[in-house]
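Peer 1: Before anything else, here's the structure in question.
Quick note: the coordinates plus some simple rules give every number you see, no bench work behind them. Source: prediction; values computed, not measured. As a convention, Cβ positions derive from the backbone with ideal geometry for all residues, glycine included, and neighbour counts pool all protein chains shown.
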Amino acid sequence: MTTQQLISQIHKKKSFLCIGLDVDLNKIPKHLLQTEDPIFEFNKAIIDATHHLCVAYKPNTAFYEAYGLKGWKALEKTINYINQNHPEIFTIADAKRGDIGNTSSMYAKAFLEDLAFDSVTVAPYMGKDSVEPFLAFKNKHTILLALTSNEGAFDFQTKNVDGKELYKQVLETSKTWKNSENLMYVVGATKAEYFAEIRRIIPDSFLLVPGVGAQGGNLQDVCKYGMNSNIGLLINSSRGIIYASNNNDFAEAAATKAKELQQEMEIILSK
Ligand SMILES: O=c1ccn([C@@H]2O[C@H](COP(=O)(O)O)[C@@H](O)[C@H]2O)c(=O)[nH]1
């Protein structure tokens, strides 16, 4: 999907919501555990109930890798289900990969070609040659970890390196890489006070913003400082939406939570 197509969807749906599909078998309704593929059945119900309210889905691959081959198969069925039934939806493999060049090429092939996600999250720590293999894929997007939502972000990302915080070095240096127009960045909603500064460095890039909902990030604050003329934000909520209920009504409850966020976004977009 091109960035322009993503922007069109945001305007059409009046939403820049990304729903995280982080399936934990201990948290899903018990009756699904009797089915052949509980992870996929859970995702399918969530997708069927929420696809009109969001513009992106983000399965975090950890929640699939944890269940071995069955988990990978459920991930493959989930991405295929989205691509076949809702091709207008932007998909994110939250895999946080990155390695020496030839290995990164294989990660990129796995997520962007074989599983056919629109994007994959990548750690910047190993530098240019570890990220450029992902950037080489046309109309695919590499979402680089810039300033993460967790407390540990302050261990390294905000530390001063050669007179500048490390996350700023990541933003500035990554702009010089080949095919950098395919870059987006992860910035945590819990770091709202950093958005204005980040926008000074990357005014035009899309930001994937996790941390709204279960982690306590505030949508209004993020939008105030992080939005650009193309919206430029994908706001993710995972647990806050998909585990709104663990009873038979889980999909409707998820849709209700998603609708709350979408309506808040619609008001922000109308201003
Ligand atoms: O900085 C980051 C980067 C990634 N994540 C991921 O996003 C979701 C958030 O889930 P919630 O349940 O809405 O808290 C999850 O997959 C994280 O691994 C992040 O939270 N922060």
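Peer 1: Kindly establish whether Ile235 is outside any helix (DSSP H, G or I), within 15 Å of the chain's Cα centre (by Cα) and within 14 Å of the ligand (Cβ to nearest atom). Steps first, answer last, please.
Peer 2: Working: outside any helix (DSSP H, G or I): yes; within 15 Å of the chain's Cα centre (by Cα): yes; within 14 Å of the ligand (Cβ to nearest atom): yes.
So Ile235 passes the test.
Peer 1: I need the full set of residues from region 133-145 which are outside any loop (DSSP other than H, G, I, E, B), within 17 Å of Val186 (Cα to Cα) and either in contact (Cβ under 8 Å) with a residue 60 or more places away in the chain or away from the ligand (no atom under 16 Å from the Cβ) (or both), in order please.
Peer 2: Within region 133-145, the subset outside any loop (DSSP other than H, G, I, E, B) is 133-135, 141-145.
Now restrict to residues that are within 17 Å of Val186 (Cα to Cα): 134-135, 141-145.
Residues satisfying the conditions are Phe134, Leu135, His141, Ile143.
Peer 1: Going by what's in this entry, would Asp204 be described as within 19 Å of the chain's Cα centre (by Cα), away from the ligand (no atom under 16 Å from the Cβ) and surrounded by 20 or more Cβ atoms within 10 Å (Cβ to Cβ)?
Peer 2: Values: within 19 Å of the chain's Cα centre (by Cα): yes; away from the ligand (no atom under 16 Å from the Cβ): yes; surrounded by 20 or more Cβ atoms within 10 Å (Cβ to Cβ): no.
In short, no.
Peer 1: In addition: List pairs: first residue in region 197-222 and within 15 Å of Glu264 (Cβ to Cβ) and polar (S, T, N, Q), second residue within 16 Å of the ligand (Cβ to nearest atom) and assigned to a strand (DSSP E or B) anywhere in the structure, Cβ distance under 9 angstrom, at least six positions apart or on different chains.
Peer 2: Sorted first by the residue in region 197-222, then by its partner, the pairs are Asn218/Val212.
Peer 1: Further question: What number of residues within region 12-47 satisfy the criterion of being more than 16 Å from the ligand (Cβ to nearest atom) and loosely packed, with under 14 Cβ neighbours inside 10 Å?
Peer 2: 7
Peer 1: Of the residues in region 154-172, how many are out of contact with any helix residue (DSSP H, G or I) (no Cβ under 7 Å at 6 or more places or on another chain) and surrounded by 14 or more Cβ atoms within 10 Å (Cβ to Cβ)? First the steps, then the outcome.
Peer 2: Initial filter on region 154-172 (out of contact with any helix residue (DSSP H, G or I) (no Cβ under 7 Å at 6 or more places or on another chain)): 154-155, 160, 162-165, 167, 169-170.
In the following step, the residues that additionally are surrounded by 14 or more Cβ atoms within 10 Å (Cβ to Cβ) were identified as 165, 167, 169-170.
Within region 154-172, residues that are out of contact with any helix residue (DSSP H, G or I) (no Cβ under 7 Å at 6 or more places or on another chain) and surrounded by 14 or more Cβ atoms within 10 Å (Cβ to Cβ) number 4.
Peer 1: Does Ala254 fit the bill of being surrounded by fewer than 21 Cβ atoms within 10 Å (Cβ to Cβ) and not in a strand (DSSP E or B)?
Peer 2: Values: surrounded by fewer than 21 Cβ atoms within 10 Å (Cβ to Cβ): no; not in a strand (DSSP E or B): yes.
Spelling it out, it is not the case that Ala254 is surrounded by fewer than 21 Cβ atoms within 10 Å (Cβ to Cβ) and not in a strand (DSSP E or B).
Peer 1: Ok, one more. Would you mind telling me which numbered condition in (1) free of Cβ contacts under 8 Å to residues at least 40 places away in the same chain; (2) buried (at least 16 other Cβ atoms within 10 Å of the Cβ); (3) of a type outside the set (S, T, N, Q) Ala74 fails?
Peer 2: (1)
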